[in-house]
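Accompanying notes for the structure given below.
Every number in this text was worked out from the coordinates using simple rules, so none of it is lab data. The model shown is predicted, which means the values in this text are computed figures rather than measured ones. As a convention, Cβ positions derive from the backbone with ideal geometry for all residues, glycine included, and neighbour counts pool all protein chains shown.
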Amino acid sequence: MAAQIQQLADNFWNIRGSFKIGGVLDIKTHCSLVKLASGKFVFLDAYTLPTKVKREVDKLTDNGADIEAIINLHPFHTVHVSAMQQQYPRAKLYGTARHVALLPELPWEADLTESDALQARYAADLEFSIPAGVDFISSNDKIHFSSVLVFHPASRTIHVDDTLMYLRLPRAAAMIGVQGPLVFHPTLGSALLRQAGAARAFRQWASTLAEKWSDAENLCAAHTGNLLRQGSAGDSIAERIERALHKVDRVLARHESKYG
């Protein structure tokens, strides 16, 4: 698919692009552009912007001069990091510990994305959350469950990578405002820490997330699509997160029976 930029609010844009597995199956990917209260912009995640999309971004950001930072949120989303840094070399570059270790040649800022320091720096505009009870950076590079989730209260939009997935329904359903389910990434069982209390910690984190971000109206998910207020019907995003948690009850119960 050709990359597209979609404005969700006066201060939030989501850019959806292509990511093919084996050069065939396109599971898509994304990044988001957020305008801060200061008038500056940050990117959430990285994507190599094609000419048409970059032209639109540059128009919004004074040819990139107003892009303050690129904040990479998923430890295993690394393909586009170098290219986006080259497109906007004046922007501060933030990444997780895995980004920094994998791409040491890039001009990383000292504060990691998962650090309290980085999150405090943007606390006036963005809220961050890291899943509890799971490996943030798994030793198994096929387990991509965890990431840093971001909520932008001003646009009531959640930006999330693999942790939560929105499963789109056929076009006919969407045309009448019916939205598909929100689910946790299927690698949850493998991502849970092998220790007592991990399942309980995850359950509490997910419930707290739904409550804390209860006024969210949009959710941008990396590989599956966006769940948007406009044209949607049914439960709120908070209710969908609670339902997603209920759907993994058996996974959590199995873990508790083994580890406590």
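What the table below lists for this structure:
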| quantity | calculated |
| --- | --- |
| Nearby lysines by direct alpha-carbon distance to Lys142 (threshold 21 angstrom, same-chain neighbours under 8 apart not counted) | Lys20, Lys28 |
| Label selected from [x] 46, 45, 33; [y] 55, 46, 41; [z] 46, 40, 39, the criterion being Cα extents along the principal axes in Å as computed here | [y] |
| Cβ-Cβ FRET estimate between Asp249 and Gln4, R0 fixed at 41 Å, reported to 0.05 | 0.65 |
| Loop-exposed trypsin sites (Lys or Arg not before Pro) per DSSP, neighbour cap 10 Cβ within 10 angstrom, longest uninterrupted part of the chain | 1-89 |
| C-alpha long axis of helix 198-212 to longest principal axis of the chain, angle in ° | 50 degrees |
| Across Lys54/Lys212; Lys52/Lys212; Lys92/Lys247; Lys92/Lys258; Lys52/Lys92, pairs whose alpha-carbon gap is larger than 32 Å | Lys54/Lys212; Lys52/Lys212; Lys92/Lys247; Lys92/Lys258 |
